[in-house]
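First up is the structure itself, then whatever we jot down about it.
The values are calculated or read from the model by the stated rules, or taken from the named source; none is laboratory data. Predicted, not measured: the structure shown is a model, and the values here were computed from it. All Cβ positions, glycine included, derive from the backbone under ideal geometry; neighbour counts span all protein chains shown. These accessible areas exclude ligands, DNA and RNA; they are computed on the full protein's heavy atoms, side chains included. Shrake-Rupley method; radii C 1.70, N 1.55, O 1.52, S 1.80 Å.
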Amino acid sequence: MKEFTPETEPENSSGHPHTDKTDAGLVPKDDRRTVGEKTVENPRMRCEHVNVYYNHGEKKAINDVSLDIGRNEVIAMIGPSGCGKSTFLRALNRMNDTIEGCRVEGRISLDDKNIYDKDVDVVPLRAQVGMVFQKPNPFPKSIYDNVAYGAKIHGLVQNSSETDELVEMSLKRAGLWEEVKDRLDQPGTGLSGGQQQRLCIARTIAVSPEVILMDEPCSALDPIATAIIEDLIDELKQEYSIAIVTHSMQQASRISQRTAYFHMGDLIEIGPTDQIFLNPLHQLTQDYITGRFG
Amino acid sequence: MQNHIVKSFDEEIEHLKSEIITMAKACSSQLEKSVIALHRMDKDLAAKVVKDDRKINDFQREIEDNAVRYLAKRQPMAIDLRYLLSAMKISYELERVGDNAENIAAAVRSMAETISSEAIDSIVDMAGICKIMLHDLIDAFSELDTDKSIAVWKRDTDINARFLQVKSLVVQEAQANGGCFLHDGYQLIHMARCCERVGDHLKNIAEDIHYIATGDPDIRQAMNS
Ligand SMILES: Nc1ncnc2c1ncn2[C@@H]1O[C@H](COP(=O)(O)OP(=O)(O)OP(=O)(O)O)[C@@H](O)[C@H]1O
Ligand SMILES: [Mg+2]
């Protein structure tokens, strides 16, 4: 009879935290160069070597970030609190201009035109690149005026019937029309949180944007209102490019085609969303999305 | 696999890991007993192996239930997601290893007690290689060690070679012994076939471990590079 190898206890590898260990095949934590494909073909927006500073250069919040935003795509921006997601998002429509002591370097172009060129007027730029905030912020006006206001300012409507049409169309696209069509004259602030957020989306859509920036648009909403917004985002990408900041990994994986992971001002990893969440390339990305100590 | 901010998730993964290791050891022991039964023509031991297969099936159900529960509860990403999905797959492969041990034992029960065949040693040999592979897989799984899982994956060729050996041995012996050897000869080839299948399942487990560790579903690529 042949001998069997004796039963030996397999070594137990648990109980020894290796916080600085790099897992098989991953880029180690201290390598802060972006991994993944930053560019897409024929992008809507292109960011090249973007730096953003606060406090007159004292604090660097975004460090040499390059990435493209494609046409008809949803790109999710994720990362720990304070990593610079909102800062980067605001750079995309020059909202940082209003912050005293904030400076943006590098090149950010919309359809090949540098949005930081001297001849760019930020008012139409912010219509082209609209923004939806974390906290719904309807104007203290009627539902109707909330939607019509921007379009009037930008001269997108000539008369009241055109305005009526635009308001109806925008509210329909934002999936809010059926709920508010009988009370358009009532204040927007009287709507529920989820409805207010859709009102803000309708307001953004009404001025014919090319890109919609969303900074944690669902963080104050319940799962149903969130699902409605997510479904809406899915629809909207037929016509617009959408960049969304979210703290929900599940949300990012549900709605986006590409995901960018930021860490302390660096763009660490960018790539197809499926890949980022199933098989990330960088240790920092993996630690963040799996909820491990960084 | 540790270091989650939520410590209870670490505990769940640790629990799943120990369940899989326990199941792998149980499968190893079933396989060992089945060939000891063959070697000694011990039909009582063979009967026990057949009966104990139920326990292996219970292990699998338990592991699958836990993995599904953790998936639903944690909605894991990246390596954690791969781990839970692969844990389910590994438990399935182990369950099939157990089935093959059971099949070997069942065959022992149907054979003539007076049988003498050189093929028996080769089958015991095959099971011995499987046991070593399983042992190494437990290490590879505990440490998510891709080198070890690749080494196990490669060993499957040894088993395949021995299977062919058993086949030709049995054919020779059948020719020498005539009709009375037919039933037992068939059983021996069937047992060797079972060991060969065990090797395939172990190879699949090696691939699963490689996938957990690297996210790469194709272990062959890793070996080429
Ligand atoms: N107006 C400002 N003045 C000075 N520093 C600022 C200003 N706004 C942001 N910062 C700093 O820049 C860094 C990036 O902040 P930012 O708000 O972009 O992070 P974030 O990723 O959006 O975080 P969160 O997930 O918490 O919203 C932080 O260190 C923050 O303190
Ligand atoms: Mg923010």
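Observations
- Subset of B:K17/B:K43; B:K43/B:K154; B:K43/B:K203; A:K38/A:K135; B:K25/B:K154; A:K29/B:K148 violating a 27 Å alpha-carbon distance limit: B:K17/B:K43; B:K43/B:K154; B:K43/B:K203; A:K38/A:K135
- Chains A and B, summed buried accessible surface - 1.4 Å probe, Å², nearest 100: 2900 Å²
- Förster radius 51 Å - calculated FRET efficiency between B:K48 and A:A227, Cβ distance, rounded to 0.05: 0.40
- Between the amide H of A:V245 and those of A:M77, A:M214, A:D215, A:E216, distances stay under 5 Å, these residues lying 5 or more places away or on another chain, with hydrogens modeled in the peptide plane.
- Remark: relative contact order (chain A) = 27 percent; criterion is Cα-Cα distance under 8 angstrom and separation of 6 or more residues.
- For the stretch B:145-219, the fraction of alpha-carbon pairs lying more than 22 Å apart is 40 percent, rounded to a whole number.
- The stretch A:170-282: Cα Rg divided by the 2.2 N^0.38 Å rule of thumb: 1.17
- Once the mean of 1/r is taken over each pair of separate Cα atoms and inverted, the stretch B:7-224 shows a Kirkwood hydrodynamic radius of 18.0 Å.
- With a cut-off of 15 Å between beta carbons, the residues surrounding A:P140 carry a summed charge of +1, where Lys and Arg count +1 and Asp and Glu -1.
- When the residues B:H4, B:H15, A:H56 are ordered by accessible surface, computed with a 1.4 Å probe over the protein chains alone, the sequence from largest down reads A:H56, B:H15, B:H4.
- Surface accessible to a 1.4 Å probe, B:C180 within the full protein complex, Å²: 110 Å²
- Sequence-distant contacts, meaning Cα pairs under 8 Å at least 6 residues apart, place the relative contact order of the stretch B:122-225 at 39 percent.
- Figure note: B:V6, A:V120 ranked by solvent-accessible area, largest first, 1.4 Å probe, ligands and nucleic acids not counted: B:V6, A:V120.
- Probe 1.4 Å, accessible area per residue of chain A, Å²: 47 Å²
- Largest to smallest accessible area among B:F163, A:F133 [probe 1.4 Å]: A:F133, B:F163
- Virtual paramagnetic centre 7 Å along Cα→Cβ of A:K59, amide N under 11 Å, in the stretch A:81-95: A:82-84
- Accessible area expressed per residue, the stretch B:7-224, with surrounding protein chains retained (probe 1.4 Å, Å²): 41 Å²
- Placing unit charges on the Cβ atoms only, positive for Lys and Arg and negative for Asp and Glu, gives the stretch B:5-110 a dipole magnitude near 160 debye about its Cα centre.
- Karplus-derived 3J(HN,Hα), 6.51/-1.76/1.60, for each residue of the stretch B:142-157, Hz, glycine and proline x: 4, 9, 6, 9, 6, 4, 5, 5, 5, 4, 5, 3, 5, 5, 4, 4
- Between the C-alpha center of the stretch A:85-110 and that of the stretch B:155-225 there is a gap of 63 Å.
- Residue of A:P43, A:P187, A:P209 that the Gaussian network model of chain A assigns the largest fluctuation, springs spanning Cα pairs under 10 Å: A:P187
- Relative to the longest principal axis of the Cα atoms of chain A, helix A:193-206 runs at roughly 70 degrees.
- DSSP-defined beta bridges in chain A - what % are antiparallel, rounded to 5: 55 percent
- Comparing A:F88, A:F139, A:F262 in a Gaussian network model of chain A, where Cα atoms under 10 Å apart are tied by springs, the biggest mean-square fluctuation is seen for A:F139.
- Average partner coverage of A:283-293, which counts Cβ from other chains inside 10 Å: 5
- Carbon and sulfur %, accessible surface of the stretch B:1-158 computed with the full protein complex present, 1.4 Å: 50 percent
- Kirkwood radius and radius of gyration were both taken over the C-alpha atoms of chain A, and their ratio Rg/Rh is 1.08.
- A:Y144 accessible area, 1.4 Å probe, all protein chains in place, Å² to nearest 10: 50 Å²
- Note: relative contact order over chain B, using C-alpha pairs below 8 Å and six or more positions apart, is 25 percent.
- Per-residue SASA remark: B:K89, around 90 Å² accessible (1.4 Å probe; ligands, DNA and RNA not included).
- A viscosity of 1.567 mPa s and a temperature of 4 °C, combined with the Kirkwood radius over C-alpha pairs in the Stokes-Einstein formula, give the stretch A:69-218 a diffusion coefficient of 79 µm²/s.
- When all alpha carbon pairs of the stretch A:80-125 are counted in 5 Å bins from zero, the resulting P(r) reads 5, 20, 31, 26, 12, 5, 2, 0 %.
- Over the stretch B:20-106 - Rg/Rh using Cα atoms and the Kirkwood inverse-distance radius: 1.13
- Calculated diffusion of the protein assembly as shown, Stokes-Einstein form, Kirkwood radius summed over Cα pairs, 37 °C and 0.692 mPa s, µm²/s: 122 µm²/s
- Each peptide among B:185-197, A:99-111 gets the average number of other Cβ atoms lying within 10 Å of its residues, and from highest to lowest they stand as B:185-197, A:99-111.
- Summing Cβ point charges (Lys, Arg +1; Asp, Glu -1) relative to the Cα centre of the protein assembly as shown gives a dipole of roughly 580 debye.
- Most fluctuating residue given options B:A176, B:A151, B:A106, as computed from a GNM of chain B linking Cα atoms under 10 Å: B:A176
- Of all DSSP beta bridges in the protein assembly as shown, antiparallel share, percent nearest 5: 55 percent
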